[in-house]
1. Please enumerate, by chain and number, the lysines with C-alpha under 18 Å from the C-alpha of Lys94, excluding those fewer than 8 residues away in the same chain.
2. In a Debye calculation with equal point scatterers on the alpha-carbon sites of the stretch 59-170 and no solvent, what is log10 I(q)/I(0) at q = 0.10, 0.15, 0.23 Å⁻¹?
3. Rounding to the nearest 10 and keeping the result within 0 to 90°, find how far the Cα-based axis of helix 119-170 lies from the longest principal axis of the chain.
4. Quick one: putting +1 on the C-beta of Lys and Arg, -1 on the C-beta of Asp and Glu, what dipole do you get for the stretch 59-170 around its Cα centre, in Debye to the nearest 20?
5. 7 Å from Cα along Cα→Cβ at both Glu161 and Ser120: what's the point-to-point distance in nm?
6. Counting helices only, and only those DSSP H runs with n ≥ 4, report the 222 nm mean residue ellipticity of the chain as the sum of -39,500 (n - 2.57) divided by its residues, in deg cm²/dmol to the nearest 500.
7. Going highest first, how would you order 74-82, 13-21 by mean Cβ packing within 10 Å?
8. For the stretch 104-171 and the stretch 55-88, what is the separation of their C-alpha centers, rounded to whole Å?
Amino acid sequence: MPEAIETEAATPKAKPIAFPAFEMPKFEIPKFEMPKFEMPKVEFPAAFREIAEKSVAQAKENYEKMKTAAEEATELLEDTYATASKGCSGYGLKLIETARANSNAAFDLLGQLLSAKSYSEMVELYTAYLGAQFDTLTAQAKALADHAQKVATETVEPVKESITSAFSKAA
């Protein structure tokens, strides 16, 4: 079956639509002059000028003091954060070390229990483990508490000294 093929010659071309041209009216923007408000020239008394100059000088001085105090506070916070971060990572390492030691002790007990020859030997091994583990846990808890106390003291002490110094300067 032959297909009909359309060619470019067969399709008629559309003519462009011509729109009528309208002439736009020309308007000019009106020109207004802005009124000039002149400030009256007032001579301030010398006492007012003196007070204003003193106020500006005092404001600059207070700004410098506040800037210095803010810089010191920022430095203090950075140091405090570094100390606390270091102390917390040390505490975390101690916790991991404690958990490792306790796990090793539990595995050692398990090995001893598996090689026990009687029930009474198992009870004896387990009782000895519990006594030793109680002492170990007590020592570990004391070491962790001491470390936490040390970290807290090292972190808070610079802040305490800074606040004491700031209050003594203010007084």
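Read the figures in this text as sums done on the coordinates, not as results from a lab. What you see is a predicted model; the values in this text were computed from it and never measured. We place every Cβ from the backbone using ideal geometry, glycine too, and count neighbours over all the protein chains shown.
1. Once the sequence-local lysines are set aside, what remains near Lys94 is Lys86, Lys142, Lys150.
2. At q = 0.10, 0.15, 0.23 Å⁻¹ the computed log10 ratios are -0.54, -0.79, -1.17.
3. It is inclined by approximately 40 degrees.
4. Around 120 debye, computed over the stretch 59-170.
5. Here the answer is 6.5 nm between the modelled labels.
6. -27000 deg cm²/dmol
7. 74-82, 13-21
8. Measuring centre to centre over Cα atoms gives 38 Å.
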